[in-house]
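Participant: So that we are looking at the same thing, I have put the structure below in structure tokens.
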Amino acid sequence: MRLGIDLGGTKIEIVALDEGGNELLRRRVATPRGNYPATLAAIAGLVAGAEAVLDMQGTVGIGTPGAISPCSGLLRNSNSTQLNGQPIQRDLESLLGRQVKIANDANCFALSEALDGAAAGAEVVFGVILGTGVGGGIVVHGRILTGPNRIAGEWGHNPLPWPDAEDLPGPACYCGKQGCIETFLSGPGIAADYARLHGGVLDAVAIVAGADAGNPACNATLERYEDRLARALAHVVNILDPDVIVLGGGMSNIRRLYREVPRRWGQYVFSDCVETRLAANRYGDSSGVRGAAWLWA
């Protein structure tokens, strides 16, 4: 049995999978806000509860925003700020009495979709999170590629490629830089883009609905988004040349992206044709927690 845990800012979810990837159990609890010891206790409680119900012990994999530093062994870059600077892997292994595997949540998403999701069977997969933030994960031959700095796939904090006048100088990013891909392609990013060029306040859902209803400003905003996404993914294709790119996060639910982005990205890819497939995720919000379980695949 494999136990996967998705450690998010608002919820902690656990799933139990059998050897074939079939779901045996799923539970979730609210994440204790700003309380690191309580967060550890909540994770341990979910593991104990699942194993009691199923009457067996499982391996434990955890997906979380951020990554374990190879230098210090502490978690960094997590938007659940109580986790930053904490030896979470060591603490959980002590608490649970076994080895624990921890990976970035975007890596877990990519692994889930590569093993038995939308990109099953593909050799090289790039998994994209388009949500409140923008991230990515790389899976090669069924294994997560992390890199020596544990930042492989951190696509959202590169500058938007081939910028035009509307893109410059680029919005400020929380990372301290300007014009990061995340500032354009996240949910808050598209809302900010609409406000900058058209005025007013609309969130991503309202912008998409407006475009579907024929609103010119909303449609223009979505067209800018599609072109920016095409440029950003073309950059990935030029470097990684993946077989499949799988989209996740709230923005991945925009159906026209799967038609419009491949139509646009050919002009930016350094090839006379683009064989890379752009795919919607299979497991949606469940991909992260399933991928955490598959860390022990």
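The values are calculated or read from the model by the stated rules, or taken from the named source; none is laboratory data. Only a predicted model underlies this, so the values are computations on that prediction, with no experimental measurement involved. Cβ coordinates were reconstructed from backbone atoms using ideal geometry, including for glycine residues, and neighbour counts include every protein chain displayed.
Participant: Identify the residue in the range 269-292 that is among the hydrophobic types (A, V, I, L, M, F, W, C) and touching a Phe, Trp or Tyr at 6+ places or on another chain (Cβ under 8 Å) and, among all such residues, is farthest from ARG26 (Cα to Cα).
Facilitator: The extreme case among them is VAL274.
Participant: Are there any helices (runs of 4 or more DSSP H) wholly within the range 196-297 with 1 or more residues that are of a type in the set (D, E, K, R) and free of Cβ contacts under 8 Å to residues at least 60 places away in the same chain, and if so which?
Facilitator: 204-212, 216-240, 257-265
Participant: Name every residue in the range 210-230 that is surrounded by 24 or more Cβ atoms within 10 Å (Cβ to Cβ) and charged (D, E, K, R), in order of residue number.
Facilitator: Scanning the range 210-230 gives a single hit, ARG228.
Participant: Considering every residue within the range 56-72, establish whether at least one is surrounded by fewer than 16 Cβ atoms within 10 Å (Cβ to Cβ) and in a strand (DSSP E or B).
Facilitator: No - not one qualifying residue is present in the range 56-72.
Participant: Got a number for residues in the range 1-48 being part of a strand (DSSP E or B) and β-branched (Val, Ile, Thr)?
Facilitator: 5
Participant: What residue, of GLN57, GLN82, is more than 19 Å from GLY8 (Cβ to Cβ) and not hydroxyl-bearing (Ser, Thr, Tyr)?
Facilitator: None of the others qualify; the one that does is GLN57.
Participant: Report, ordered by the first and then the second residue, all pairs with beta carbons closer than 9 Å, sequence separation of six or more or different chains, a first member in the range 10-39 that is farther than 17 Å from SER112 by Cα and in contact (Cβ under 8 Å) with a residue 12 or more places away in the chain, and a second member that is of a type in the set (A, V, I, L, M, F, W, C) and loosely packed, with under 12 Cβ neighbours inside 10 Å.
Facilitator: The qualifying pairs are THR10/ALA30; LYS11/ALA30; ILE12/ALA30.
Residues are listed down the side, and each one gets a yes or a no for (1) in the same structural domain as GLY156 (by TED's automatic domain parsing); (2) under 20 Å from SER69 (Cα atoms); (3) without any contact (Cβ under 8 Å) to a residue 12 or more places away in the chain:
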residue	(1), (2), (3)
ARG90	no, yes, no
LEU95	no, no, no
ALA103	no, yes, no
GLU113	no, no, no
VAL128	yes, no, no
VAL140	yes, no, no
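Participant: Does the range 134-145 include one or more residues that are modelled with pLDDT under 95, out of contact with any strand residue (DSSP E or B) (no Cβ under 7 Å at 6 or more places or on another chain) and crowded, with 24+ Cβ neighbours inside 10 Å?
Facilitator: Yes, the range 134-145 contains at least one residue that is modelled with pLDDT under 95, out of contact with any strand residue (DSSP E or B) (no Cβ under 7 Å at 6 or more places or on another chain) and crowded, with 24+ Cβ neighbours inside 10 Å.
Participant: Restricted to the range 17-40, and to residues that are more than 21 Å from ILE88 (Cα to Cα) and not charged (D, E, K, R), which residue is surrounded by the fewest Cβ atoms within 10 Å (Cβ to Cβ)?
Facilitator: Selected residue: GLY20.
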